[in-house]
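Asker: Below is one structure. I have some questions about it.
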Amino acid sequence: MKVLFLTKYAHNGASSRYRIFQYLPWLEQTGIHCQVMPLFNEVYLIHRYQSGHGYIRDILRAFLHRLVVLITARRFDLVVLEKEIFPYFPALPERLLGVPYIVDYDDALFHQYDKHRSWWVRHLLGRKIAHVMQGAQLVIAGNDYLADYARRAGAARVEIIPTVIDLEKYSPAFVTHRSSAPFTIGWIGSPSTAKYLQTIAPALAEVCAGGNGVVRLIGSGQIHLPGVPVEVLPWDETTEINELKQFDVGIMPLPDESWERGKCGFKLIQYMACGLPVVASPVGVNSKIVEQGVNGYLAETPAEWIQSLNALLLDVDQRKRMGQAGRKKVEQGYSLQMTGPRLAGLIRSAVESAKE
């Protein structure tokens, strides 16, 4: 069985890396021969988040390359499409693909169109993702919010697979938690999501006051959080997990808005896989991942953020207990070891049903 994976990003794009690339060895072992063709290569994200030079040229080159790739699609038994074939383009390429396809979503991409500030985008593309879903053999959604949209759109089949980690790569670090200051509040993400930290900056400043704590950010780029002692680290795949293990708690603030309700809470999974307690906004799937008082805290108001972080700052044993509970939850429901065989089965099922 030959399957073409049309990812959005190359390996350095987190969504593509965790939703597609990490599954490839598992799929190959089951006899599914995989070929991956990203839309945007590794240079694209470097230009987008760092230099900015060549950004438009990268996009044009990416679109031309994908057009060439689409000519070869009919040689495969199935296409696994991450999100869409072309951003900001009608669903015509998906309709003309000529090969059965599975489409995968880990965020509310449909809101990029149906809630766009431009009337023309809303009018022309507001139903685009619904049309893509309708034409798919299977829609794989990262959470209930995305799955519900797919069902309302009329998708033939919808399955939920959360974004997960490889247990063999992520080992817990709770045995190394420190009781001495400074208390390290950690966050991992990209410059595009670092803006969410601004919403809790006053709470972070109060918890860290007097040298009690420090906020360590991985992948945020330069950011100003008034009154907050901040350490910014560049994201590096080779050091990512070890850097996470240096946190005392992992955080995930989010506003309660449409786009954010579609997020898969993956950074919480990363923290918990490392044996860390978490504090997160009760938005979307976060409320399902975080069990209040068990593996972390859900905090909505500034006072709740301060209370939750201070509770963990003052109690090392509680951090360890919550970290252990979080690791157990990841092992039971958010691991590649569980979802790898399931994805292989779904791919085979989609090919078989397309032949009927």
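Asker: Helix 144-153: angle to the longest alpha-carbon principal axis of the chain, degrees 0 to 90, nearest 10?
Answerer: That works out to roughly 30 degrees.
Asker: Sort 64-75, 312-323 by packing, meaning the average of other beta carbons within 10 Å per residue, with the highest value first.
Answerer: Those peptides, ordered most packed to least, come out 312-323, 64-75.
Asker: Another question, if that's okay. Pulled fully out, how much extra length does the chain show between residue 157 and residue 122, if you take 0.36 nm times their separation in residues and subtract their Cα-Cα distance?
Answerer: Gain in length upon complete extension: 10.0 nm.
Asker: Rounded to the nearest 0.05, what FRET efficiency is calculated for residue 317 and residue 86 with R0 set to 56 Å and r the Cβ-Cβ distance?
Answerer: In this case the efficiency is close to 0.60.
Asker: Can you tell me the FRET efficiency between residue 56 and residue 307 if r is taken as the Cβ-Cβ distance and R0 is 56 Å, rounded to the nearest 0.05?
Answerer: So, using R0 = 56 Å, E works out to roughly 0.75.
Asker: Give the angle, between 0 and 90 degrees and rounded to the nearest 10, that separates the Cα long axis of helix 336-355 from the longest principal axis of the Cα atoms of the chain.
Answerer: That helix lies at roughly 20 degrees to the long axis.
Asker: While we're on this one: With a Förster radius of 30 Å, plug the Cβ-Cβ distance of residue 33 and residue 257 into 1/(1 + (r/R0)^6) and report the FRET value to the nearest 0.05.
Answerer: The calculated FRET efficiency here is 0.15.
Asker: Next question, about the same structure. Viscosity 0.890 mPa s, temperature 25 °C: give me the Stokes-Einstein translational D for the stretch 153-280 in µm²/s, with Rh taken as the Kirkwood radius over C-alpha pairs.
Answerer: 156
Asker: Follow-up question, since we're still on this one. At 1.4 Å probe size, with no ligands or nucleic acids counted, give the accessible surface of residue 238 in Å², nearest ten.
Answerer: That residue has around 110 Å² of solvent-accessible surface.
Asker: Taking the convex hull of the alpha carbon atoms in the stretch 87-223, what volume per residue do you get, in Å³?
Answerer: Roughly 170 Å³ of hull volume per residue.
Asker: If you don't mind, there's one more thing I want to ask. Could you give log10 I(q)/I(0) at q = 0.11, 0.12, 0.15 Å⁻¹ for the stretch 225-356, computed by the Debye formula over C-alpha point scatterers of equal weight, without solvent?
Answerer: -0.47, -0.55, -0.79
Asker: How compact and how long is the chain, expressed as Rg and Dmax of its alpha-carbon atoms in Å?
Answerer: My reading of the Cα-based Rg and Dmax gives 20.8, 68 Å.
Asker: Mind checking the full-extension length gain between residue 223 and residue 72? Use 0.36 nm per residue of separation minus the Cα-Cα distance, one decimal, nm.
Answerer: 50.0 nm
The values are calculated or read from the model by the stated rules, or taken from the named source; none is laboratory data. These figures come from a predicted structure and were not determined experimentally. Here the Cβ is made from the backbone with ideal geometry for all residues, glycine too, and neighbour counts use every protein chain on show. Surface accessibility is based on the protein's heavy atoms, side chains included, excluding ligands, DNA and RNA. Shrake-Rupley method; radii C 1.70, N 1.55, O 1.52, S 1.80 Å.
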